[in-house]
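Report on the following structure.
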Amino acid sequence: MEISVYSLNGKDTGRKVNLDDAVFGCEPNDHAIYLDVKQFMANARQGTHKTKQRNEVHGSTRKLHKQKGTGGSRKGSIKNPLYRGGGRIFGPEPRDYSFKLNKKLKRLARRSALAYKTQNNAFTIVEGMNFEMPKTKEFLTFLTSFSANDKKVLVVVQETHSNAFLSARNLPGANVISAAELNTYEIMDAERVFVEEQSIPVLEKLLSA
């Protein structure tokens with residue numbers, strides 16, 4: 001698969017990059033994408049939610065009235081969940097939501113996500129993202145040249161260029177990430193994916209089966 005290389009001002013350089021079909025042109029696996037995105041979102045959960053049960057609520061443990069003969073229900077103490085201020089029935093407890101996925105499945109999910117972007121013409125290769133100074137205006141000019149200033153974009157660079165990262169961090173719809181940190185969630189969440197030309201060999205090495 002050959003894809004044209006563009007400059008930062010949105011012009012075609014006339015050069016083409018030959019992409020590995022096994023990485024960028026594979027048959028997408030929707031279930032692998034689902035599992036990888038599910039794991040990403042699960043790992044981001046803090047799991048610190050907690051409510052007090054009846055044994056943790058402050059209050060008297062005195063039985064409110066005798067068990068039988070009153071015509072009322074069996075209530076126990078004032079900490080009964082039926083009363084206001086009582087304990088919570090089956091309330092949430094702190095837990096770890098993370099789960100394990102095989103490395104091969106995660107690589108398949110990333111390949112599938114990239115394949116979707118290439119099939120939908122949402123994948124663009126640029127020469128380089130080396131900004132001389134961290135300026136949001138220059139990064140916005142780069143997005144405007146590709147008519148992507150109003151879209152959610154993901155920029156993949158070979159390494160974390162501080163100027164590119166600093167230039168994009170004030171833009172709510174832009175995200176700069178290194179090739180080694182690329183994940184399925186970020187790819188699928190973006191409407192356009194811009195990949196630095198130097199990061200292509202890194203992606204092909206990391207995502208090859």
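The values are calculated or read from the model by the stated rules, or taken from the named source; none is laboratory data. Predicted model only: the values in this text are computed from it and were never measured. Note that we place each Cβ from the backbone using ideal geometry, even for glycine, and neighbour counts take in every protein chain shown.
Being of a type in the set (Lys, Arg), in contact with a strand residue (DSSP E or B) (Cβ under 7 Å, 6 or more places away or on another chain) and touching a residue at least 12 places away in the same chain (Cβ under 8 Å) holds for only one residue in Lys79, Lys63, Lys151, Lys106, and it is Lys151. Within the range 170-183, residues that are in the same structural domain as Glu159 (by TED's automatic domain parsing) and over 18 Å from Leu108 (Cβ atoms) have Cβ atoms under 8 Å from residues that are acidic (Asp, Glu) and surrounded by 15 or more Cβ atoms within 10 Å (Cβ to Cβ) in these pairs: Asn175/Glu186; Ile177/Glu186, counting only partners at least 6 apart in sequence or on another chain.
Filtering Lys135, Lys152 for residues that are among the basic types (Lys, Arg), in the same structural domain as Gly10 (by TED's automatic domain parsing) and either within 15 Å of the chain's Cα centre (by Cα) or modelled with pLDDT of 95 or more (or both) leaves a single hit, Lys152.
Using the structure shown, decide if Gly86 is in contact (Cβ under 8 Å) with a residue 40 or more places away in the chain and of a type in the set (Gly, Ala, Ser).
On the way: in contact (Cβ under 8 Å) with a residue 40 or more places away in the chain: no; of a type in the set (Gly, Ala, Ser): yes.
Answer is no for this residue.
Note on the range 110-152: residues that are surrounded by fewer than 13 Cβ atoms within 10 Å (Cβ to Cβ) and either assigned to a loop (DSSP other than H, G, I, E, B) or among the polar types (S, T, N, Q) (or both) total 8. Reported count of residues in the range 153-184, each being buried (at least 19 other Cβ atoms within 10 Å of the Cβ) and not in a strand (DSSP E or B), is 9.
Mind listing whichever residues of the range 30-66 are surrounded by 17 or more Cβ atoms within 10 Å (Cβ to Cβ) and in a loop (DSSP other than H, G, I, E, B)? Don't jump to the end; show me each part of the working.
Let us first name the residues in the range 30-66 that are surrounded by 17 or more Cβ atoms within 10 Å (Cβ to Cβ), namely 32-33, 35-37, 39-40, 54, 57.
Once the filter is applied, which keeps residues that are surrounded by 17 or more Cβ atoms within 10 Å (Cβ to Cβ) and in a loop (DSSP other than H, G, I, E, B), the range 30-66 yields Arg54, Val57.
For the range 185-203, taking the residues that are crowded, with 16+ Cβ neighbours inside 10 Å and acidic (Asp, Glu), the one that is nearest to Thr144 (Cα to Cα) is identified as Glu196. Across the range 12-29, the qualifying residues are those that are outside any helix (DSSP H, G or I) and without any contact (Cβ under 8 Å) to a residue 60 or more places away in the chain, and the one among them that is farthest from the chain's Cα centre (by Cα) is Gly14.
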